[in-house]
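I have placed the structure first, in the form of structure tokens, so that the comments after it can refer back to it.
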Amino acid sequence: MRIGELAEITGTSPRALRNYESAGLIRSARAANGYRVYDAATAVRVRNIRYLLDAGLTLADVQCFRGCLDGDMATAPPSAEGLRIARERLAVIDGRIAAQTAARDRLARALEAVPAASGIGG
């Protein structure tokens, strides 16, 4: 199948597919006209890549899962390496949430300090 077909059946953009290919996560052959041609099984790999990315992992993190991208990742038991990566990514996300919450609280306090008559506050 061509890149547009793969993008459509996986809900992924052609740009993302090219990115996955350049990262070595998926492969294509080239047709005589130079178009990328993908094996039907590539759709499973792309869905698993999307599953991991949607779970908060980065493309670099996904590299560690190369050996199991062809299976059912949503129901497979996690490996020790997979759990380690997930815990690290969760800590990063928690840190970002804490930083954003602190920034939000500072902004809310600053707006509360503005007199209501000024028309500036909420």
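Bear in mind that the values in this text are calculations on the coordinates, not laboratory data. Everything numeric in this text was worked out from a predicted model, so none of it was measured. FYI the Cβ positions are ideal-geometry reconstructions off the backbone, even for glycines, and counts take in every protein chain you see.
GNM remark for the chain: springs join alpha carbons under 10 Å apart, and the peak mean-square fluctuation among Glu81, Glu21, Glu112 falls on Glu112.
With r defined as the distance between the Cβ atoms of Arg27 and Ala74 and R0 fixed at 22 Å, what FRET efficiency is calculated, to the nearest 0.05?
Values: r = 23 Å, r/R0 = 1.03.
E(calc), rounded to 0.05, equals 0.45.
Specify the residue with the greatest mean-square fluctuation among Ala110, Ala60, Ala43, computed from a Gaussian network of the chain linking alpha-carbon atoms under 10 Å apart. Maximum fluctuation in the GNM of the chain, among the listed residues, is at Ala110. Helical content alone sets the calculated 222 nm signal of the chain at -18000 deg cm²/dmol, taking -39,500 (n - 2.57) per DSSP H segment of four or more residues and averaging over every residue. Kirkwood analysis of the chain, using all unique Cα-Cα pairs, places the hydrodynamic radius at 17.4 Å.
Between Arg2 and Tyr38, the built amide H atoms are under 5 Å apart, and every one of these is 5 or more places off in sequence or on another chain.
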